[in-house]
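Accompanying notes for the structure given below.
Read-outs: derived from the displayed coordinates by stated rules, not from any lab. Since we're looking at a predicted model, the values are computed, not measured. So basically every Cβ, Gly included, is an ideal-geometry build from the backbone, and we count neighbours across all protein chains shown.
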Amino acid sequence: MSDHKTMTLTLIVWRQKSANDPGKFETYTAKNITEHHSFLEMLDCVNEDLIAAGKEPIVFDHDCREGICGMCSQVINGAPHGGQERTTVCQLHMRKFKDGDTIYIEPWRAKAFPILKDLVVDRAALDTIIQAGGYTSCHTGGVPDGNAVLIPKPIAEEATDAAECIGCGACVAGCPNSAAMLFTGAKVSQLALLPQGRPEAAARVTNMVNAMKECGFGNCTNHYECQASCPKGIDVKFIARMNREYLKSLFS
Amino acid sequence: MQILTTSIGRKILMAITGQLMVLFVVVHLLGNSSIFVGADGINAYAKHLHDLGPLVWIFRLVMLSFIAIHGIYGIQLTLENNAATPQAYAVKNLSKATLSSNNMIWTGLLILLFIVYHLLQFTVRVTPDIVQGVDALGRYDVFNMVVTSFKNGGIAALYVAAMIVLFLHLNHGIQSFFQTMGWNNDKTLPVISKLGKVVAVVFLIGYSSIPVFILTGILSK
C-alpha cells in the first residue's frame, strides 16, 4: 500500500539566530515522511526529532495552514512556496517530492524583509505601503443601500481578483529585483477600479509608489516572475493598471 | 518633479526613450536597405541626409539625449535593484525571466560600445578599414566604403554579433514598453510579447543581411 511508504529526505535549511547573525545552511534528515504530509507538517516532524535530540528547532512562520494567511515565507528549491502554481507552503504536499530528494529551504531574501530568525522574516514593509494609501477614507454613519452605488459585474470581478492578494510577499521573493510592484499594483488596482476608490486614486498611487522606494524595494523590470510566484495567481495586468494610474496622476 | 525620482516615473522615461530609439532603428534599417539598390541608392540617400545640414546635428543631439537618459536610468536602476537584494538565494529557480530580461544592463552596455565603434567607423571614419572616395557623380562613396569594410570577415562577424545583442535587448524591451506605459492587460500581453519578438527578429535579419550579403559576395561592387 502506498499509504505505508515513507520517504527520507535531506533538507538544507537556512539557520540564523537573530537579525544580526550572519546565518548559515545546516543539513538535516527528514525521516518517516508520507506523501500525505504537507510541507509544514514535514518540518514539524523534523522539529520533533530536533527537540527530542535537545537541539533548537527550525523556526518558521505559519498560521492558518489553509492557504490564506500568507505567513509561510519559505523559498523551496529556489522558488517561493516551492514553485507549484497557486500554492502556499502549507498546501504543498510531500507527494510532490521523491524519496531521497535534497531540498533547499531559505527565507525570503530582500533588503525590505529583514530576517528575524531562521525562516522568519519581517514583512512590515508591506504594511507601510498599505498605510501610505491602501484604503479609502469614508465617513461613518448609517449603512448605505446595497444598490446605491452601481458597479458593473465585470468591474467588481476584476477588483475582487486584485483583492485576492494575501500580502505574503512571494512576489517580492520571486522577483530578481525584490520589487513589490505586484503587491502594490494589486491594491492600487482594486481600489482604482471601484467608485469608492476613485476620489483618492491619484494621491494613492503616488504615495504608495513612494512608500515602495522608501521601504527599500527594488524597481520592476517586467520579468513577470511575481505572477508565477503568487499563490493567488494575481496577474501582472494589475501592474500595468498601476502604471496607467501613475501616468494619469501626473496629469491630475 | 516626481517623474524623475520615483520607480515608475523613471521607468516610464526609460520606456519612452527606449521606444523612440526603436523608431530610429526602424528608420535606420529602411535607410540602410538602400544599399541593395547599389551604389546609386545608398550614396544618394547619404547625400540627401547630409544636405539637411543643421537638422542632422539637432537629430544627433536628440539621439544622444535619449541614450543618456535611457543609459543613466538603466545603470541607476540596476544598482538600486542589486542593493534591494543584498543576499542572493543559494538556489534560484526562475520560471518567467529570460536570457533577454536578465541581461538588459549588459546587452545595453554592449550596444552602447557598438554604437561608439559604429560611429567611429562609418560616421567619423577613422578606423583603419575605411576606404574614402567619391563616386562618378561626385558624391561621397558610401557604397564602396561599406562593401570594402564588410569584405573583412571579422568586421562582418562583429556586426552580426552586435545585431544578436540588439535582438536580445529588444526581445524584452519592445514588449516591456507597453507594460510600463500601462497599455497592457492579460489579453494583450501574450500578443504584444510575440509581436515584440517578431519585430526584434526582423531587425536581426534585416541588419545582418547587409554584412552577410557582402561577405558572401551576393552584394558586390
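Before anything else, pin down the relative contact order of the stretch A:2-117: Cα pairs under 8 Å, at least 6 apart, normalised by residue count, whole percent.
Relative contact order of the stretch A:2-117: 33 percent.
Show me the ranking of peptides A:26-34, A:244-252, A:76-84 by mean Cβ neighbours inside 10 Å, starting with the highest. Working shown, then result.
Working: A:26-34: 14.8, A:244-252: 16.9, A:76-84: 22.0.
Answer by packing, highest mean first, reads A:76-84, A:244-252, A:26-34.
Residue farthest toward the positive end of the dipole of chain B, with Cβ of Lys/Arg at +1 and Asp/Glu at -1: which of B:56, B:84, B:196?
Ranked along the dipole, the leading option is B:84.
Is the shape of the stretch B:2-215 best called rounded, prolate or oblate, per the rule: a/c under 1.5 gives rounded, else a/b larger than b/c gives prolate, else oblate, with a ≥ b ≥ c the square roots of the Cα gyration tensor eigenvalues?
On the way: a/c = 2.06, a/b = 1.86, b/c = 1.11.
Prolate, since a/c reaches 1.5 and a/b exceeds b/c.
Is it possible to state the helix-based mean residue ellipticity at 222 nm for the protein assembly as shown, with each DSSP H run of 4+ residues giving -39500 (n - 2.57), the sum divided by total residues, to the nearest 500 deg cm²/dmol? What is it? Please list the in-between numbers first.
Values: 16 runs with 242 residues, N = 473.
It lands at -17000 deg cm²/dmol.
At q = 0.10, 0.13 Å⁻¹, what base-10 log of I(q)/I(0) does the Debye formula yield for the protein assembly as shown when every alpha carbon is treated as an equal point scatterer in vacuo?
-0.85, -1.14
From the square roots a ≥ b ≥ c of the eigenvalues of the alpha-carbon gyration tensor of the stretch A:2-117, which class results: rounded (a/c under 1.5), prolate (a/b over b/c), or oblate?
Since a/c reaches 1.5 but b/c is at least a/b, the shape of the stretch A:2-117 is classed as oblate.
What is the magnitude of the charge dipole of the stretch A:61-148 about its Cα centre, with +1 placed on the Cβ of each Lys and Arg, -1 on the Cβ of each Asp and Glu, and no other charges, expressed in debye to the nearest 20?
220 debye
Going toward the positive end of the dipole of the stretch B:2-215, with +1 on Lys and Arg Cβ and -1 on Asp and Glu Cβ, which of B:95, B:158, B:72 do you reach last?
My answer, from the dipole projection, is B:95.
What aspartates and glutamates does residue A:17 reach when the alpha-carbon gap must be under 12 Å and sequence neighbours fewer than 8 apart in one chain are set aside?
Those aspartates and glutamates meeting the cut-off are A:56, A:118.
Give the lysines whose C-alpha is closer than 21 Å to that of residue B:47, dropping any in the same chain fewer than 8 places away, or say none.
Excluding near neighbours in sequence, the set is B:221.
Students often get this wrong, so check it: of A:117/B:92; A:31/A:96; A:55/A:111; A:153/B:11; A:213/B:92; A:24/A:187, which have C-alpha atoms separated by over 27 Å?
A:55/A:111; A:153/B:11; A:24/A:187
Who wins for biggest fluctuation among A:131, A:227, A:74 in a Gaussian network model of chain A, springs between alpha carbons below 10 Å?
A:131
Based on the Cβ-Cβ distance from residue A:25 to residue B:3, what FRET efficiency comes out when R0 is 41 Å, to the nearest 0.05?
After rounding to 0.05, the efficiency reads 0.45.
Taking the Cα centre as origin and putting +1 on Lys and Arg beta-carbons and -1 on Asp and Glu beta-carbons, what dipole magnitude results for the stretch B:2-215, to the nearest 20 debye?
Value, rounded to 20: 500 debye.
Which cysteines does chain A leave without a neighbouring Cys Cβ under 4.7 Å?
Among the cysteines of chain A, those whose Cβ sits 4.7 Å or more from every other are A:45, A:72, A:90, A:138, A:165, A:168, A:175, A:215, A:220, A:230.
Just to be sure I understand: with springs between alpha-carbon atoms less than 10 Å apart, which residue in A:220, A:72, A:175 has the highest mean-square fluctuation in the Gaussian network model of chain A?
For chain A, modelled as a Gaussian network with Cα springs under 10 Å, the answer is A:220.
Along the Cα-to-C-beta direction of residue B:198, a point sits 7 Å from the Cα; which residues of the stretch B:173-191 have their amide N less than 19 Å from that point?
B:173-179, B:184-191
In debye, nearest 20: dipole of the protein assembly as shown around its Cα centre with unit charges on the Cβ of K, R (+) and D, E (-)?
1160 debye
Just to confirm my numbers, what's the Cα centroid distance between the stretch B:1-26 and the stretch A:190-252 in Å?
Using only Cα atoms, the two centres lie 18 Å from each other.
Which one of B:171, A:171, B:138 has its Cα pushed farthest toward the positive end of the charge dipole of the protein assembly as shown, where Lys and Arg give +1 and Asp and Glu give -1 at the Cβ?
Farthest towards the positive pole: B:138.
Distance between the C-alpha centers of the stretch B:127-204 and the stretch B:67-84? Whole Å please.
23 Å
Which of the DSSP-defined H helices in chain B satisfy a minimum axial length of 27 Å, computed from C-alpha atoms, and a minimum mean Kyte-Doolittle hydropathy of 0.0?
Counting only whole DSSP H runs, the qualifying helices are B:7-32, B:54-84, B:153-181, B:188-215.
For a quick check, take a GNM of chain A with Cα springs below 10 Å and name the residue from A:133, A:100, A:233 with the largest mean-square fluctuation.
Judging by the Gaussian network model, the answer is A:100.
Relative contact order, percent, of chain B when contacts are C-alpha pairs under 8 Å separated by at least 6 residues?
About 26 percent, as a whole number.
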